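Structure first, then comments.
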Amino acid sequence: YKSYARTWDIAITGKETIHCSNDPLLGGDPGKMNPEDLLISSLSACHMLWYLHLASDAGITVLDYEDSPV
């Protein structure tokens, strides 16, 4: 169990490769994205884009947006 690397790449043609690893508590590289980071980032991005869409539909100009997901 401890002898294999816990890293992988997400590679999609025409896009930058994302180097990933397991959570550091499970033997991963803390300098790389892990599944939990990717999930929280994805949810945060969806929330932001939906918020901006609703604001745009309502004629509201958003001057600033900040999110700190954990």
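Annotation note: trypsin sites (Lys or Arg not before Pro) in the chain located in DSSP loop regions with a Cβ neighbour count of at most 14 within 10 Å are LYS2, LYS15. Accessible surface computed residue by residue for the chain, with neighbouring protein chains in place and a 1.4 Å probe, gives 84 Å² per residue. Loop-located chymotrypsin sites (Phe, Trp or Tyr not before Pro) across the range 15-70 with a Cβ neighbour count of 14 or fewer within 10 Å are TYR65, with loop assigned by DSSP. Under the combined filter of DSSP loop state and at most 16 neighbouring Cβ atoms within 10 Å, the chain retains these GluC sites (Glu not before Pro): GLU16, GLU66. Of HIS53, HIS47, the residue with the largest accessible area leads and the full order is HIS47, HIS53 (1.4 Å probe).
For the range 4-20, backbone phi angles converted through the Karplus equation (6.51, -1.76, 1.60; θ = phi - 60°) give residue-by-residue couplings of 9, 6, 10, 10, 7, 10, 9, 10, 10, 3, x, 10, 5, 6, 9, 8, 10 Hz, Gly and Pro being listed as x. Against the chain, whose longest principal axis comes from its Cα atoms, helix 35-57 is set at around 10 degrees. For volume of the Cα convex hull per residue in Å³, which listed value, (i) 68; (ii) 121; (iii) 99, comes from the coordinates shown? Given (i) 68; (ii) 121; (iii) 99, the structure-derived one carries the label (ii).
Show THR13, THR61, THR7 ordered by accessible area, largest first, where the area counts protein heavy atoms only and the probe is 1.4 Å.
Numbers: THR13 140, THR61 110, THR7 70 Å².
Of THR13, THR61, THR7, the descending order of accessible area is THR13, THR61, THR7.
The values are calculated or read from the model by the stated rules, or taken from the named source; none is laboratory data. All figures in this text were calculated on a predicted structure; none of them were measured in a lab. Glycine gets a Cβ as well: all are built from the backbone with ideal geometry, and neighbour counts include every protein chain shown. Accessible surface areas use protein heavy atoms only, side chains included; no ligands, DNA or RNA. Shrake-Rupley method; radii C 1.70, N 1.55, O 1.52, S 1.80 Å.
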